Each structure stands twice: as structure tokens, then as C-alpha cells.
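For reference, the structure discussed in these notes is given below.
The values are calculated or read from the model by the stated rules, or taken from the named source; none is laboratory data. Note that the coordinates shown come from a computational prediction; the quantities given were computed from them, not determined experimentally. For neighbour counting, all protein chains shown are included, and Cβ atoms are generated from backbone atoms with ideal geometry for every residue, glycine included. In case anyone asks, the SASA skips ligands and DNA or RNA and just uses the protein heavy atoms, side chains included. Shrake-Rupley method; radii C 1.70, N 1.55, O 1.52, S 1.80 Å.
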Amino acid sequence: MTVRHFLTLLDLSADELEALIRRAIELKRLLRAGHRYEPMKNKTLGMVFEKSSTRTRVSFETAMTHFGGHAIFLSPRDTQLGRGEPIEDSARVLSRMVDMIMVRTFEHEKLELFAAYSQVPVINALTDRFHPCQLLADVQTYVEHRGPIRGRTVAWIGDGNNMCHSYINAARQFGFTLRIACPEGFEPEARIVEAARAAGAEIQLLRDPLAAAEEADLVVTDVWASMGQEDEQRQRQAAFAPYQVDARVMAAAKEDALFMHCLPAHRGEEVAAEVIDGPQSVVWDEAENRLHAQKALIEHLAGVRPKA
Ligand code: CP
Ligand code: NVA
């Protein structure tokens, strides 16, 4: 049997993704009702982190605790990965011992190489190009607050980065319109946009954040300098200054529009404090949903979901 990986949102079908969101909502309800459910008993998740993390690490580790299994945190600083052991070898060895592996790294190609040599499912926990787990949580959060996201309009304001790329794939898979407003030189990769459009997605590239936000159902942003771009912080700050999501941007969106941010956030940079701490912001639900959505993902990739 071929191993199923989750490297981008395109690795699952639209139907599978919809089912996964429904299951995440159900798992959240069951957890709150005090149900004990341990489908990953005696199973281990390896967690390779080459970049920092708070939410991703804690949500995956907690997910495995809830599921009756175990998670191992692996950083390059104290594994042979950091001393140059080839990725192919690391993937072969780890996947002979653990049942699933989550990887957060820089180059997306590195993750693809790791997955190619792994005998067990590999999950993208963020690369320079994509952050698909975050999108599961974002879509779950939208659905919980406002119902189906299909046919809605989402405004992405800011950098054409890994989160923006995953929003492009999500627009394609979940069927919403995506308006992206970014400064010149910081657009998303053209081939990701083109592939989504070719598959029928409605993706609009704009310069004006107010135009992007107009009548939107959801407004989303992210940091101006992602992990690994710390040296560009100053230059980026100047380019992105007109792209702050503030009250004016939110006023252009629908009255009941939601605000999301994958976090960590910089108040006063990409988002005004009054927005992220205001009534339209659902960032804390969004962060919590990383746990529930990833539990649904683990269950799906491991094939351990009980038959209904
Ligand atoms: N949103 C997110 O992935 O957060 P962490 O970097 O803290 O994992
Ligand atoms: N774009 C950000 C997301 C962090 C969760 C980064 O890659 O640093």
C-alpha cells in the first residue's frame, strides 16, 4: 500500500478535506464532553523541528497524548540531522521506528525528499513554501463561526508567503474566492497561482488592501518577515507599511467579517491591536483548532478512524 503524506493541501481530495473539517469539529466536541478516545495507543509521532514553534509543537504533542500515543521532539541541535546525516538516511531510520513523522523545515524540497524515503506518513508542519496544517485550523474556525466557507470571499493582506500559498491551495480545494493584496516584489509564486486558477480557483492579485478587503467575509494576514527572513525585517517593514490590517481595512469588509492570523503576531506591524484584540478577531479559536484539526489529520493518515 502506498503511504499517504500531507505535504500540501493538494495531497487530500476536496471531499477528504471537507470530511476532515467535520471530524475536527466532532473531535473537539467529544473532547469537551470528556470522552476518552485512544486510536494511537502505543504509536509514536516523530516531530522534526528545524525552526521554532509554539502552537505546532504543543498541538501535535497534545494530540498524541489525547490519542493515547507518544510524540518525540527532534531538533537538529541534538540529533544527527544537525551534523549532516543525509535526509534520506534520517527518513529511512526514523520511519522504521515511529508511526508518523511531522517535519518543520526551510526548503519544501527537503520535506519532499524526506517523504520520498519515509515508510510512514509525513506531515508538513511548515516549510518556506507551505503551511497546510494551519489552513485546516483556519477553515475549521470559519466553519464553526459562520458555516460553510464555499462561495465566500477571503482577503489575504500582506506577504505572498507560505501561508498565502496555502490559502491559494485552500481556495482551490474548499471553493472560496481569494483576493490577495501585497506590495510589489512580494507576490505569491506565480506557478502556485496559475495552478490554482487552472484548477478553477478564483484568485485575484491586487495592490490595494482596501480593494482586497471590500465586502470580504474573512480578512487574514501574517508577519511581514517569516522565519529565516530576519535579515530582511527592516526593508520589509518599509514595503509593507501600507498593508497593516487596521480598523479601516476591517470596515471595508462585510460587517460580520472575521479576522484571522496564524500567530505569532506583531501588533502595530501587520495588524493593529484594535483588530487582533477586537470583536471580529477569532485568533484564539484559530490557535486552539490546530489541536483538533491535526487530530483529525493524524487519525485520517493513520487510517484508524472507527467505522461509523
Ligand atoms: N501558527 C504556527 O504555526 O505557530 P507556531 O510557529 O508557534 O507553531
Ligand atoms: N509565515 C510565518 C508563519 C509562522 C507560523 C513563518 O513562516 O514564519
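Here r is the Cβ-Cβ distance between Gln237 and Thr62 and R0 is 30 Å; the resulting FRET efficiency, rounded to 0.05, is 0.30. Need one word for segment 6-62: rounded, prolate or oblate. Basis is the Cα gyration tensor (sqrt eigenvalues a ≥ b ≥ c); a/c below 1.5 gives rounded, then a/b vs b/c decides. Since a/c reaches 1.5 but b/c is at least a/b, the shape of segment 6-62 is classed as oblate.
Going 7 Å from the Cα of Ala190 in the Cα-to-Cβ direction, what parts of segment 163-180 have a backbone nitrogen less than 19 Å from that spot? It comes to 165, 168-169, 180, nothing else. Among the GluC sites (Glu not before Pro) within segment 201-232, those in coil by DSSP and having at most 12 neighbouring Cβ atoms inside 10 Å are Glu215. With 28 Å as the limit on Cα-Cα distance, the pairs of Lys110/Lys295; Lys51/Lys254; Lys41/Lys307; Lys43/Lys110 that go past it are Lys51/Lys254.
With Cα atoms as the point set, the radius of gyration and Dmax of segment 117-173 evaluate to 13.0, 41 Å.
Comparing Cα centroids, segment 135-163 and segment 1-40 end up 18 angstrom apart. Farthest towards the positive end of the charge dipole of the chain, among the residues Asn169, Val271, Phe240, is the Cα of Asn169, using unit charges on the Cβ of Lys, Arg, Asp and Glu.
Do the sum for the chain: with -39,500 (n - 2.57) for every DSSP H run of n ≥ 4, divided by all residues, what is the mean residue ellipticity at 222 nm, to the nearest 500 deg cm²/dmol? Helix-only estimate at 222 nm: -13000 deg cm²/dmol. Work out the charge dipole of the chain with +1 on the Cβ of Lys and Arg and -1 on the Cβ of Asp and Glu about the Cα centre, then indicate which of Leu20, Gly160, Val283 is farthest towards its positive end. Looking along the dipole axis, the top candidate is Leu20. In a reduced charge model with +1 at each Lys and Arg Cβ and -1 at each Asp and Glu Cβ, segment 118-207 shows a dipole moment near 300 debye about its Cα centre.
Which of the three applies to segment 246-290, rounded, prolate or oblate, going by the alpha-carbon gyration tensor with a ≥ b ≥ c and a/c under 1.5 meaning rounded? The shape class here is oblate. Look at the alpha carbon pairs under 8 Å that are at least 6 residues apart: their mean separation over the length of segment 168-227 gives a relative contact order of 39 percent. Modelled spin-label separation between Ser52 and Leu30, with each label point placed 7 Å from Cα along the Cα-to-Cβ direction: 3.6 nm. Average projection, convex hull of the Cα set of segment 31-132: 6.6 square nanometres.
Rounded to the nearest 20 debye, the dipole magnitude of the chain is 1220 debye, with +1 charges on Lys and Arg beta carbons, -1 on Asp and Glu beta carbons, and the Cα centre as origin. Pairs of Cα atoms nearer than 8 Å and 6+ residues apart set the relative contact order; for the chain it is 20 percent.
For the chain, the spread of Cα positions along the three principal axes, ordered from largest to smallest, is 52, 45, 37 Å.
Positive end of the dipole of the chain (Cβ unit charges, origin at the Cα centre): among Leu301, Val249, Leu218, the Cα lying farthest that way belongs to Leu301. Only the Cβ atoms of Lys and Arg (+1) and of Asp and Glu (-1) were treated as charged; on that basis the dipole of segment 15-159 about its Cα centre amounts to roughly 640 debye. Take the alpha carbon gyration tensor of segment 181-285, find the square roots of its eigenvalues, order them as a ≥ b ≥ c, and report rounded if a/c is under 1.5; if not, report prolate when a/b exceeds b/c, else oblate. Here segment 181-285 falls in the oblate category. A simple packing score, the average count of other Cβ atoms within 10 Å per residue, orders the peptides 150-159, 32-41, 112-121 as 150-159, 112-121, 32-41, with the highest score first.
Surface composition of segment 162-308: carbon plus sulfur atoms hold 49% of the accessible area, using a 1.4 angstrom probe and ignoring ligands, DNA and RNA. At an R0 of 22 angstrom, the distance between the Cβ atoms of Ala116 and Ser13 translates into a FRET efficiency of 0.55. Accessible surface computed residue by residue for the chain, with neighbouring protein chains in place and a 1.4 Å probe, gives 44 Å² per residue.
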